[in-house]
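Values in this text are rule-based calculations from the coordinates and carry no lab data. Nothing here was measured: the structure is a model prediction, and the numbers come from that model. Because the Cβ atoms are built from the backbone with ideal geometry, glycine has one as well, and the counts that use them run over all protein chains shown.
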Amino acid sequence: MVSLAQGIAGEVWRLYARLVEVVSHMDNRGTGTNLGYSNTVALLVHVLRISPREAKHLVAQASDLFPGVTPTGSVTEALLPQTSAAFAAGDISSEAVDVIRKTLKDLPDLEPEKRVLAESVMLEQAAEDDPNALARFGARVRTMVDPDGPPPPDPEPARQTQVFKYRDRRDGSLELSAVVAAENAGPLRVMINECERPRLGDTEDTRTFSERLGDAFAERILKRAANCPDMPMGNGLRTEVAFTIAFEDLKKGLDDRILVGDDIYTTAREARRIACDCHMFPAVLGSRSEPLDVAVPAYTTPAHIRRGLVLRDKGCAFPGCCKPASVCDAHHIQHWADQGDTRLDNLVLLCKHHHRLIHNSDWAVTMVNRRPQFTPPTYIDPQRRPRTNSLRRPLPTAA
C-alpha cells in the first residue's frame, strides 16, 4: 500500500505540474483579458472554481517554472528550469517547489553558475527531505552562496534591559514574567520552537498555545540546563529513575510491563531505549525484592566519549533533523546488553523522537568511514539507499 500511495502521489504531482504549465501558456497569451477578465487570476477563479489565493499561487509558480513573454513579444528563460523538469517528472511536490522558489528568491543577485548550483543542491536534497526539512537545508544553501550576509547597521544599538521576575504559588509552582533582549530572544525562540506546536502525529493534543509554550520552556530550557555539566549543583546528573527488571528481559526488549515506581509501569522495550544513555545503578535484589547489593553507579556513555560524539555528529544525526546535541541521547548501534561496546564507532547522537524510532521501526543505522548512515525501510525507499543528515555534512562549493 505504501508503494501504491507513492505512485499515486507522483502521478498527482505530474498532473499538477501540467496544470501549472497550461496556466503559464494562458498567462503568456493573455487568455484572461481576451475573454473579458481583468487578468489570468480572475479567469482561473471562475473556470477552476478555486480561491483567488490559490489562483495567484498557480500564476506565481508558472512564472518561475516556465518561460515567459514580455510585452514586446520576446521570450524570457524560466527562472528554475531544473525544478520545472523535476516537477514535470513527478519527482517533487508542489510544496517542495515552493521551498526551492523561496530559497532562491531570498538570495541576493547571484552569478548564473552559482544559481544553477544552488538549485541543483536543493533538488538533490528534495529527493530525501520533507518540505520543512528542505526549508531548513535551504538556510544552509543561503549561507553557502552568501557567506558574508547583509552588512551590519552603522550605529551601535543601545543595550536592552532584561528583566526576570517570579512569584511562589501555594502549590509549590512558580509564576514567571520576563523581558528578554533582542539578542537573546532569537535563541530563546529557536529553543522552544519545536515544542510549541501540537505534538507530531497526535490528533488529540488538547493543550492550549500557552500550555504548549510552557511545556517547551520546561523541556527545551530547564531540562537542558539541569543536564549541563557546568551547573554548580548536582553536577548535571540526569534524574535517576529505578527500573525493576530482569537483565534477560532487558536484553529481549519486549512490550511486557515492568515497574518504574509506585503503580507506574513502562515496557521493557522503552527501558532498553532509555538504558542506551542513562545513569546506571546495578543492584541485586532478593526473592522479596530486598536489596542485597548495590554497585557503584556508572554512566553508560562517559563524558569524554560524549564530547567526541558532539564533535563528530554535532546534533541528532538522523536525516533531516536539526535538534542540537544538548537534547540528544547517545544511542548504542549494537546495544550494550548485546555485548555492544561504549565507543565512538558504536554510538550515534539521536534526539528523543528519532531514538524511539530507531528502537521501534525498520530504520537501520551503521557506521561508514566513521560516520553514521541511516538505511530506510523498503516502504520508504525500495532500494534502501543509505542517507545521512544533510544539515551536518559539508556543502558543495561553486567551481
> Taking 0.36 nm per intervening residue step and subtracting the Cα-Cα distance, what contour gain separates L4 from H46 on full extension?
Replying inline: 11.8 nm
> Stretch R189-R167 to full length: gain in nm at 0.36 nm per residue minus the Cα-Cα span?
Replying inline: 5.6 nm
> Under a plain spin-label model, where a point goes 7 Å from the Cα along Cα-to-Cβ, how far apart in nm are R307 and N360?
Replying inline: 3.5 nm
> Could you state the number of Å between the C-alpha centres of the stretch 350-374 and the stretch 161-188?
Replying inline: 37 Å
> For the stretch 15-139, what does the alpha-carbon gyration tensor say about shape, rounded, prolate or oblate, given a ≥ b ≥ c as the root eigenvalues, a/c under 1.5 as rounded, and a/b over b/c as prolate?
Replying inline: prolate
> With Rg and the Kirkwood Rh both taken from Cα atoms, where does Rg over Rh land for the stretch 66-146?
Replying inline: 0.99
> If you take the square roots of the eigenvalues of the alpha-carbon gyration tensor of the stretch 27-84 and sort them as a ≥ b ≥ c, do you get rounded (a/c under 1.5), prolate (a/b over b/c) or oblate?
Replying inline: oblate
> How large is ³J(HN,Hα), in whole Hz, for each residue of the stretch 161-177 in order, when computed from phi with the Karplus curve 6.51 cos²θ - 1.76 cosθ + 1.60 and θ = phi - 60°, using x for Gly and Pro?
Replying inline: 6, 10, 10, 9, 10, 8, 9, 6, 9, 5, 7, x, 7, 10, 9, 10, 8
> So if we plug the beta-carbon distance of A181 and S326 into 1/(1 + (r/R0)^6) with R0 = 22 Å, what FRET efficiency do we get, rounded to 0.05?
Replying inline: 0.50
> If you stretched the chain out fully between T375 and D106, how much longer would it get, using 0.36 nm times the residue separation minus the C-alpha to C-alpha distance?
Replying inline: 93.5 nm
